[in-house]
Each structure stands twice: as C-alpha cells, then as structure tokens.
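Q: Take a look at the following structure, please.
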Amino acid sequence: MTENDFLPIQYDNLPAEGKVAWKAPSNIALVKYWGKKANQIPANPSVSFTLDACATTTTIFFSRKEDDSQFSFDLVFEGEPKEDFKPKIQTFLERIEIYLPFLKSYHLKIETSNSFPHSSGIASSASGMAALALCLMDMEKMMNPEMDSDFFNRKASFLARLGSGSACRSIEGDLIQWGEHQPIVDSSNLYGIKYPFKVNTVFKNFHDTILLVHKGQKQVSSSGGHNLMHNHPYAERRFEQAHEHLDSLKAIFSEGNLERFIEVVESEALTLHAMMMTSMPYFILMKPDTLQIINKIWDYRKKTKTPICFTLDAGANVHLLYPESVKEKAIQFIQDELVAHCENGHYICDRIGTGARKIG
Ligand code: 2P0
C-alpha cells in the first residue's frame, strides 16, 4: 500500500453532529524505533508489546459548522481546558487533513484523560495519538459505513503515526511490528501490523511492571533524540542491528526461548541509551536508580535463574518484563529490592494487551 491508498472516497453523508470515544493503550518496544526520515518514516523497523493498563481515553463531540476555512477545536485534559496541548493537535490535524478532508467542516470538542499520572514520565503520545486517530477514523466510518475493520485499523495506525511514530503500534495487540523489514512480507513504514509469525504461549500473558524512577520532565524530547540520529557516527550500524534483532526474534518467539529473548531485549534497551550518549550533543536519560535497578535485576537473575529482564523507554523508568509463571516471585523481588529505587515507591503493574477499544 502507498499513502494514496488512504486518500478518502467522496462522502455523501456528513452527519450534523455526534460523539465518538476510544480507549487506546500505550506500548513498549522490544526492538526500538530511534531515528526517522521525513514524514515520520522510521529509520529502522521496531516491534512492541501492546500494553493494557496504561491507556488514554478520548471522546470527541463533533458538530457541523458554517465556516470550513480553518480547524476549530477545544481540548479538555483530565477535566480542565489545556491550551498547551493544542499546538501539537493543530499540527496533527494539518498533517492528516488530506486523508480526512471533512475535519474543517466540524467543531471538535476533544476530551481526553490518561489512566496513568501525567507526571509519571510515561510517554502519553503513543496512547494519546492512537486514541485521537481512532476517534477521527470513527467519524470517517460514519460517512463511509462500508469500510472494513482491517482498513479501519490500518488507516488509524497510519494516521496515528503522523502524530507520533510509536503511536502507530498502539491500535491493535498484542505484538505489533512497524517498519519495512524484508523477511516480513506485509511490513510497512506507513503503519503497524500484527506480528505475523508464530508466538509461543509463554509470551502471551507477559507482564510489564513499570518502575517509576523519575517522574520529572526529560531534558531531551523523543523528537529531539530522533533528530540526533542524523549524522550520528553509529547510526547506520545501529539501523542494521535492529533488522538483525528483529530476525533473531523470529525463532525466539516461536520456541519461547526466554534466555535469548532477554539478551535481545536488554541489548536493545542499552543500545537505545548508548545512541543517546553518543549523539552530538550527547545526553543521558538514565538516573543512578535506573542503573541500580538494572544491576539488581542481573544479580537476582544470576542467583535465582528467574527469567526477569528489563527494557527502557526514552526516559529513566525501568520496564520489568516477565512471564506469568514467575509473577509471584517477581512481585516479591520488586517489593523487597526495587521499590526503594522508585520515586515515592511508585510503580505500575501492566501486562500485554489486545489493543484499543471503542467505548462510545
Ligand atoms: C520506541 N521510542 O520504539 C522508541 C524507543 C522511545 C524509545 O518511539 O517523534 O514519541 O513522536 O515519532 O514515537 C518515542 O518516540 O517519537 C519512541 P515521534 P515517539 O517506542
């Protein structure tokens, strides 16, 4: 498919008003997207677990308006008008207007809230942009009821990507791949797809406990970090490595090989942060507690042979990944040894999820 496949047909039925609502989850990448080309095209492919508990709920009340020369929207975040989120949404609407040309014909009242605290350091752009894209697709579906659910999800992912790259992996579950990768025939730079190969049941109910090490603002945004991969001394080798890791996951997922899964996932997390440390300007998003947690995980794994590993997002928080079979041990370990490294002792128990849900 190309971008042109997402251009709409002529609509014959523009409703006067209505309401759409979706809840979209966050996701955690196993092979990381870090570096992009123009128009939100990823420099390398990625694959992620869709999460469940960490999610954004968005409702749009829409009504036809006379003047269709510009966008008109209000934004209410967790019950309060939120002016500082508006420029990002304005830019998003401008980018996607060509694919949803009815947007300027409506006033949109967008109400949105997150299940996780705003200041937790958990990125809300993936779940937020996914929920918004799904609401807007739902509006399009009212005007084009023939649209099938595969196309609906694919276009929602395509639009979400234009808001935030990783958001394209937050539409469906439970394992989503994004970015062209030759051995995955249907892979695309334009949208996420369900991981097409066999996945052993050991990965089906994986847990992700997010240890909230640092809840403050990051010094460098993800967009800033992606940009620093241009002219980065190790970029090309890193992009190749992401392909290699994605290839090696095929047998790992199929066999349920947790030992090798841990190797790939932890290497990806540390490589992501190594890219940050070797950018110009260089920066470090990990905190001392991030490293202490990593060392404790390694010690615990060595001592107990429990298949618990970590991954990192673009921040200081640590995602602890483990299968259902070791859940009790993992919770005990977190409480005994890791909570002390979390800001105010806070952590979020999440798990792999099935994707976004329409709620209204
Ligand atoms: C990922 N991250 O694959 C990687 C790993 C963070 C670390 O994608 O500029 O918010 O909106 O496309 O998607 C975070 O970057 O960046 C991200 P934009 P995004 O999940």
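Q: Take Lys86 and Lys329, extend 7 Å from each Cα along the Cα→Cβ direction, and tell me the distance between the two endpoints in nm.
A: 5.4
Q: Continuing with this model, one more query. Over the chain, calculate the relative contact order: mean separation of alpha carbon pairs under 8 Å at least 6 apart, over the residue count, as a percent.
A: Values: 726 pairs, mean separation 86.1, N = 360.
Rounded, it is 24 percent for the chain.
Q: Out of all DSSP beta bridges with both ends in the chain, state the antiparallel percent to the nearest 5. Each step should come with its number before you reach the end.
A: Working: 51 of 57 bridges.
The antiparallel proportion sits near 90 percent.
Q: While we're on this one: Once the Cβ-Cβ distance between Lys109 and Asp12 is put in as r, and R0 is 30 Å, what FRET efficiency do you end up with, to the nearest 0.05?
A: Working: r = 25 Å, r/R0 = 0.84.
Working from the Cβ atoms, E equals 0.75.
Q: Hey, what did region 3-196 get for relative contact order, percent, Cα under 8 Å, at least 6 apart?
A: For region 3-196, the relative contact order is 27 percent.
Q: Then there is this: Taking a probe of 1.4 Å, how large is the accessible area per residue of region 102-173, in Å²?
A: On the way: 2000 Å² over 72 residues.
So region 102-173 comes to 28 Å² accessible per residue, rounded to a whole number.
Q: Follow-up. For region 204-351, what number of Lys pairs, 8 or more residues apart or on separate chains, have alpha-carbon atoms under 23 Å from each other?
A: Qualifying lysine pairs in region 204-351: 17.
Q: Further, regarding this structure: Could you work out what % of the accessible surface of region 3-196 is carbon and sulfur, using a 1.4 angstrom probe and leaving DNA, RNA and ligands out of the count?
A: Numbers: 3490 of 7630 Å².
Carbon and sulfur: 46 percent of the exposed surface of region 3-196.
Q: OK, next. State, as an integer percentage, the relative contact order of region 168-317 based on alpha-carbon contacts under 8 Å between residues 6 or more apart.
A: Numbers: 148 pairs, mean separation 35.3, N = 150.
About 24 percent, as a whole number.
Q: Continuing with this model, one more query. Of the peptides 4-12, 97-105, how do they stack up when ordered by the mean number of other Cβ atoms within 10 Å, highest first? It would help to have the intermediate numbers written out before the result.
A: On the way: 4-12: 11.1, 97-105: 16.8.
Per-residue mean Cβ counts within 10 Å order the peptides as 97-105, 4-12.
Q: Hey, another quick one. Mind ordering 22-29, 174-181, 65-72 by average Cβ neighbours within 10 Å, highest first? Provide the component values of the computation, followed by the final result.
A: Working: 22-29: 28.0, 174-181: 23.1, 65-72: 11.2.
So the order, starting with the most tightly packed, is 22-29, 174-181, 65-72.
Q: At 1.4 Å probe radius, can you tell me the per residue accessible area of region 198-265 in Å²?
A: On the way: 3440 Å² over 68 residues.
On a per-residue basis, 51 Å².
Q: Enumerate the aspartates and glutamates that Lys141 could reach by cross-link, defined here as Cα to Cα under 17 Å, with residues fewer than 8 away along the same chain left out.
A: Output for Lys141: Asp5, Asp12, Glu17, Glu97, Asp150.
Q: Which ³J(HN,Hα) values in Hz, rounded to whole numbers, follow from the phi angles of region 223-230 under the Karplus curve 6.51 cos²θ - 1.76 cosθ + 1.60, where θ = phi - 60° and Gly and Pro get x?
A: Using θ = phi - 60°, the values come out as 4, x, x, 4, 4, 6, 7, 6 Hz.
Q: Apply 1/(1 + (r/R0)^6) to the Cβ-Cβ distance of Gln70 and Lys303, taking R0 = 56 Å, and write down the FRET efficiency to the nearest 0.05. Please list the in-between numbers first.
A: Details: r = 62 Å, r/R0 = 1.11.
So the FRET efficiency works out to roughly 0.35.
Q: Indicate the helices, whole DSSP H runs only, in the chain that combine a mean Kyte-Doolittle hydropathy of 1.0 or more with a Cα extent along their long axis of 30 angstrom or more.
A: Working: long enough: 235-255 (31 Å, -0.90).
What comes out of the filter, once short or polar helices are dropped, is none.
The values are calculated or read from the model by the stated rules, or taken from the named source; none is laboratory data. As the structure is a prediction and not an experimental result, all values here were calculated from the model. No Cβ is skipped: glycine too gets one built from the backbone with ideal geometry, and neighbour counts run over all protein chains shown. Just so you know, the surface numbers come from the protein's heavy atoms only, side chains and all, with ligands and any DNA or RNA stripped out. Shrake-Rupley method; radii C 1.70, N 1.55, O 1.52, S 1.80 Å.
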